[in-house]
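Visitor: Quick one: the structure is below, questions incoming.
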Amino acid sequence: MFNVFNKHNHPIDRLTEGASLLSGIALYPQVFKIFTTKNVDDLAPSTFFILVVTNIIWIAYGVHRKSIPLLISGSLNLISSSLILGMYFAFGQFASV
């Protein structure tokens, strides 16, 4: 289904693959901090909702372009953004209602 070997082998292609991996793991320190402190007081849930929506679009584009780096980055970001949103509602002001 997907061609793992990109037809382009330019250094910029490798750089963007590395950047997509870094982008994919960028929110995980925040996930860990929220999980350990249970503190979501200063988070804006709208930010993470927007990230969820945009990453769904990036994943769809990755499927369309058959791009493994886009799929990995979009999936990792979708998971972390969804976890943060879930913890916001689990630990935030709505949890005590």
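The values are calculated or read from the model by the stated rules, or taken from the named source; none is laboratory data. This structure is a prediction, so every number in the text was calculated from the model and none was measured. Reconstructed Cβ throughout: ideal geometry from the backbone, glycine too, with neighbour counts over all protein chains shown.
Visitor: Is it the case that some residue within region 3-13 is among the aliphatic types (A, V, I, L, M), in a helix (DSSP H, G or I) and modelled with pLDDT under 95?
Guide: To start, the set of residues in region 3-13 that are among the aliphatic types (A, V, I, L, M) comprises 4, 12.
Okay, now just the ones that are also in a helix (DSSP H, G or I), so 12.
Filter once more, keeping what is modelled with pLDDT under 95: 12.
Checked against the condition, which is being among the aliphatic types (A, V, I, L, M), in a helix (DSSP H, G or I) and modelled with pLDDT under 95, region 3-13 yields at least one hit.
Visitor: Cβ-Cβ distance below 7 Å, separation of 6 or more or different chains: which pairs start in region 58-69 with a residue that is closer than 15 Å to Glu17 by Cα and end on one that is among the acidic types (Asp, Glu) and assigned to a helix (DSSP H, G or I)?
Guide: Taking only residues 6 or more apart or on different chains, the pairs are Pro69/Glu17.
Visitor: Can you find a residue in region 74-88 that is more than 14 Å from Gly24 (Cβ to Cβ), free of Cβ contacts under 8 Å to residues at least 24 places away in the same chain and among the aromatic types (Phe, Trp, Tyr)?
Guide: no
Visitor: Only one of Gly18, Gly74, Gly62 is crowded, with 17+ Cβ neighbours inside 10 Å, out of contact with any Phe, Trp or Tyr (no Cβ under 7 Å at 6 or more places or on another chain) and part of a helix (DSSP H, G or I). Can you tell me which? It would help to see each step written out before you state the result.
Guide: Values: Gly18 fails: crowded, with 17+ Cβ neighbours inside 10 Å; Gly74 fails: out of contact with any Phe, Trp or Tyr (no Cβ under 7 Å at 6 or more places or on another chain).
Of the residues listed, the single one that is crowded, with 17+ Cβ neighbours inside 10 Å, out of contact with any Phe, Trp or Tyr (no Cβ under 7 Å at 6 or more places or on another chain) and part of a helix (DSSP H, G or I) is Gly62.
Visitor: Within region 21-36, track down each residue that is over 12 Å from Ile79 (Cα atoms) and either at pLDDT below 95 or of a type outside the set (Val, Ile, Thr) (or both). Can you show your working first?
Guide: Residues of region 21-36 that are over 12 Å from Ile79 (Cα atoms), as a first pass: 21-23, 29-30, 32-36.
Listed by number, the residues that qualify are Leu21, Leu22, Ser23, Pro29, Gln30, Phe32, Lys33, Phe35.
Visitor: I would also like to ask the following. Checking Leu71 against (1) at pLDDT below 95; (2) closer than 13 Å to Gln30 by Cα, which single condition isn't satisfied?
Guide: It is condition (2) that Leu71 fails.
Visitor: Give me a count of the residues in region 21-57 that are part of a helix (DSSP H, G or I), aliphatic (A, V, I, L, M) and either touching a strand residue (DSSP E or B) at 6+ places or on another chain (Cβ under 6 Å) or in contact (Cβ under 8 Å) with a residue 40 or more places away in the chain (or both). Spell out the reasoning first.
Guide: Just the residues of region 21-57 that are part of a helix (DSSP H, G or I), to begin with: 21-25, 28-37, 45-57.
Subsequent filtering for residues that are aliphatic (A, V, I, L, M) retains 21-22, 25, 31, 34, 50-53, 56-57.
Now restrict to residues that are either touching a strand residue (DSSP E or B) at 6+ places or on another chain (Cβ under 6 Å) or in contact (Cβ under 8 Å) with a residue 40 or more places away in the chain (or both): 21, 25, 31, 34.
Count: 4.
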